[in-house]
Amino acid sequence: MTTTLKRSPIATTLLLLGAAYCLLPVLWVLIASSKSAGELFSTFTLAPSTHLFDNLVDLAAYRDGLYWRWMGNTVVYAGVGAAVSTLISAMAGYALAKFEFRGKSAVFNIILAGVLVPGVILAIPQYLLLAKLGMTNTYWAVLLPSFISPYGIYLARIFAAASVPTEILEASRIDGSGEWRTFGTVVLPMMRTGLVTVFLFQFVAIWNNFMLPYIMLGDDKLYPITVGLNGLLNQGSNMPSMYTSVVTGALVSIVPLIALFLTLQRYWQVDLAAGGVKA
Amino acid sequence: MPSRTTAGKRAGTPYAFLAPALILFAAFLAAPIVYAGYLSLRKVKVSGLGLGARSRTEIWAGLDNYVRSLTDPDFLPSVYRVGAYGLIVVPTMLGLALLFALLLDANRTREAIGKFARISIFLPYAVPAVVASLLWGFLYLPRVSPINDAIEALGLTAPNLLSTDLTLWAVANIAVWGGTGFNMIVIYTALRAVPTSLYESARIDGASELAIAWRIKIPIVMPSLVMTFVFSLIATLQVFAEPMTLRPLANTISTTWTPLMKVYRDAFARNDLYAAAATSVIIALATFVLSFGFLKLVGRRAFNQED
């Protein structure tokens, strides 16, 4: 069978060109982070220099380590937000897949419509509603809206239907296990692979989000990395010496997510339309 | 055997499992949509000199805000801009994603290069739009761009990507760079689910790889293409982070460069929540009409409802 496959050099070339295009900015930021402020705009773009460590020290010193605080905030927003959202999605998805109840199809259709709601219509009213509760400019302003993910519920429902056999639920009930215990000890472990995918989707969505925290937060100590870097870049237009910190900050900010991607690659093999994970 | 009481208890179970999701859905999706609709129909009436707490009252505005939004000289240009942007981004991004997925699939046995290319092309998904815009923004600067260096080495004049004519393409490139890999993985996964035996008889009959891709593989991944198209469309119409980040580097990007930037400006720089609400309702409706219209056109349900 392998012998019949044509290994065309054109295919390989196109794939490598695609890879080069995608790696170019990453390669650039790696090289640019090693340049001093003077070199950034003067030496050849792809010629590395020796100032990476100095730049990291400068970045860490910026306003008493504000940058690390942004990184920490981002980990909290994305980690807590995605963990809670995954649990809520798992519960809802399990209920929709494994129970018969009145209003089931109405609930499911509403959640499906939620998948297609563009975030634009939510941003301002979410801000106003949270302002009424006095919660804007707090961690909650970013966390609470990220707890709900209609797409996560949609995926969790498919994973529950595919991976939780009804007979095992029945057996667990006959053994006298309560519904919540069954969920925690039987259902969650069975849905594990799918739930990692739901978690990753939501984690990346929150990590990459810009508009929500940009609108909700005024205090720069609460910023996630995206809003923080945007602010640093704005300062750079008045103070070009800031640019080395911006570039070094951009590099450091993508390291954790790239590491996460490389280690958890297989969980990304998601069939969006069918929802199944090929693990 | 479950007794009546445990059966009665179980009737409430699904609602208990659904409760957190439904409460959050109501609070952070349903309520904001209703509130945006309400705000878009309201306005502030200023009486007297506009001083004192009682001089500003909120009243019904009818469709005034919509009229104001649609006739705002900044609105239509931003809509056309995003329309052109979408026409560039969505076909390019999905075309490349499909191409790379098919190439990876045809190269199934060539492990090392395929794996390297797959990971490299997927990598930009891990880079937030703000950071992607920042990296490309620097690469666009004539003093930094290695592409400009290369073009000038050939004795030609390099274009300034951040000039008025080319900014749209510069922003579109960032979106294509960031989105191709994710869509490629989705399509590639759908392709991998197909057993190779399906292609073998076609190969024996002498069908070329191109014919197999066109006649067998693309129809098979059509549901994935439809979904990625709808998601891309929704994301494209809401473009915000990329131009907001490029602004400090490119003075060609105005505060109303995209409709969503105009919503932000109206709400937070001008404190005109009513106009902002009306504009966001218009964008949301347009998005809905386009995405549902597309799904109707291709004759598919939005998502598979059966298992």
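The values are calculated or read from the model by the stated rules, or taken from the named source; none is laboratory data. None of these values were measured; they are calculated from a predicted model. All Cβ positions, even for glycine, are placed from backbone atoms using ideal geometry, and neighbour counts span all protein chains on display.
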Which residue pairs have Cβ atoms under 8 Å apart, sit 6 or more places apart or on different chains, and have a first residue in the stretch A:255-269 that is part of a loop (DSSP other than H, G, I, E, B) and a second that is small (Gly, Ala, Ser)?
A:GLN269/A:ALA279
Subset of the stretch B:259-276, residues closer than 24 Å to B:ALA172 by Cα, touching a helix residue (DSSP H, G or I) at 6+ places or on another chain (Cβ under 6 Å) and more than 10 Å from chain A (Cβ to nearest Cβ), comes to B:LYS262
Condition test on B:ALA190, is it in a helix (DSSP H, G or I), within 21 Å of A:GLY119 (Cα to Cα) and at the interface with chain A (Cβ under 9 Å from one of its Cβ atoms)?
no
Can you tell me how many residues within the stretch B:193-202 are in a loop (DSSP other than H, G, I, E, B) and either facing chain A (nearest Cβ under 8 Å) or more than 28 Å from A:TYR21 (Cβ to Cβ) (or both)?
3
Looking at B:THR279, B:THR255, B:THR236, can you tell me which residue is within 10 Å of another protein chain (Cβ to nearest Cβ) and among the polar types (S, T, N, Q)?
B:THR279
Taking B:TRP214 as meeting all but one of (1) of a type in the set (Phe, Trp, Tyr); (2) farther than 17 Å from B:LEU94 by Cα; (3) over 23 Å from the mean Cα position of the chain (by Cα), write down the number of the exception.
(2)
Would you please list the contacts, defined by Cβ atoms under 6 Å and residues six or more apart or on different chains, that run from a residue in the stretch B:203-231 that is within 11 Å of another protein chain (Cβ to nearest Cβ) to a residue that is assigned to a loop (DSSP other than H, G, I, E, B) and not β-branched (Val, Ile, Thr)?
B:GLU209/A:LYS6; B:PRO223/A:ALA273; B:SER224/A:LEU272; B:SER224/A:ALA273; B:VAL226/B:ARG300; B:MET227/A:LEU272; B:MET227/A:ALA273
Just a yes or no: is a residue in the stretch A:226-234 away from chain B (no Cβ under 11 Å), part of a helix (DSSP H, G or I) and crowded, with 22+ Cβ neighbours inside 10 Å?
no
Can you tell me which condition A:PHE159 does not meet? The list is (1) within 21 Å of the chain's Cα centre (by Cα); (2) outside any helix (DSSP H, G or I), and all the others hold.
(2)
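So that you can scan it fast, the table gives a plain yes or no per residue for (1) closer than 30 Å to B:LEU285 by Cβ; (2) at pLDDT below 75:
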position: B:THR6; (1), (2): no, yes
position: B:ALA16; (1), (2): no, no
position: B:PRO20; (1), (2): yes, no
position: B:LEU24; (1), (2): yes, no
position: B:TYR38; (1), (2): yes, no
position: B:LEU49; (1), (2): no, yes
position: B:GLY52; (1), (2): no, yes
position: B:ILE59; (1), (2): yes, no
Within the stretch B:155-172, is there a residue that is over 25 Å from A:VAL115 (Cα atoms), within 14 Å of the chain's Cα centre (by Cα) and not small (Gly, Ala, Ser)?
yes
